[in-house]
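Below is one structure; the comments refer to it alone.
The values are calculated or read from the model by the stated rules, or taken from the named source; none is laboratory data. Bear in mind that the values here come from a model prediction, so they are computed numbers and not experimental data. Counting neighbours? That spans all protein chains shown, and the Cβs are built from the backbone with ideal geometry, glycine included.
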């Protein structure tokens, strides 16, 4: 490179000055570093954004979906409060409200005789509970023994109640 330099140019040129043919190795290196750096920063940003979703995988489906929606809102709106809310929700175990409500609805439908498990199945289950209680020497409560019969519309009286009535 020094042989083709102009006679008024300094004799020692720094290595980052492009050659006469237009090739610039420093520009090429910096372009590759910039592209790789931008990709790595984007991957880090998306990985950081997905932390609440990965934490919420161990919780229920509804909580995971709520955390995922908050994460997407935070990603697209750039409002960090959504991401913080998703992170807090991912760390907190929400109580199971659905199972007790389902149990109450099932019990009410059984009492009303309008659905749920057929009455014959309930009577068989109550008889099995009585047998197990008799084997264990336990008393069966009256609340589990009164089930309406589908055919007659009258409550089924268990053998434990008839024995109690005889002793009275």
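For the reader, a short list of remarks on this structure follows.
- Residue 43 meets all of the listed conditions (1) surrounded by 11 or more Cβ atoms within 10 Å (Cβ to Cβ); (2) free of Cβ contacts under 8 Å to residues at least 24 places away in the same chain but one, namely (1).
- Test: residue 68 is in contact (Cβ under 8 Å) with a residue 24 or more places away in the chain and in contact with a helix residue (DSSP H, G or I) (Cβ under 6 Å, 6 or more places away or on another chain): no
- Residue check, residue 8 in a loop (DSSP other than H, G, I, E, B), exposed (fewer than 10 other Cβ atoms within 10 Å of the Cβ) and either assigned by TED's automatic domain parsing to the domain that holds residue 72 or more than 43 Å from the chain's Cα centre (by Cα) (or both): yes
- Among the residues of the range 18-40, those identified as outside any helix (DSSP H, G or I), surrounded by 10 or more Cβ atoms within 10 Å (Cβ to Cβ) and free of Cβ contacts under 8 Å to residues at least 12 places away in the same chain are 18, 24.
- When 78, 59, 49 are checked against the criterion of being out of contact with any helix residue (DSSP H, G or I) (no Cβ under 7 Å at 6 or more places or on another chain) and under 30 Å from residue 98 (Cα atoms), a single residue qualifies: 59.
- Per-region count, the range 98-116, residues modelled with pLDDT under 80 and exposed (fewer than 13 other Cβ atoms within 10 Å of the Cβ): 2
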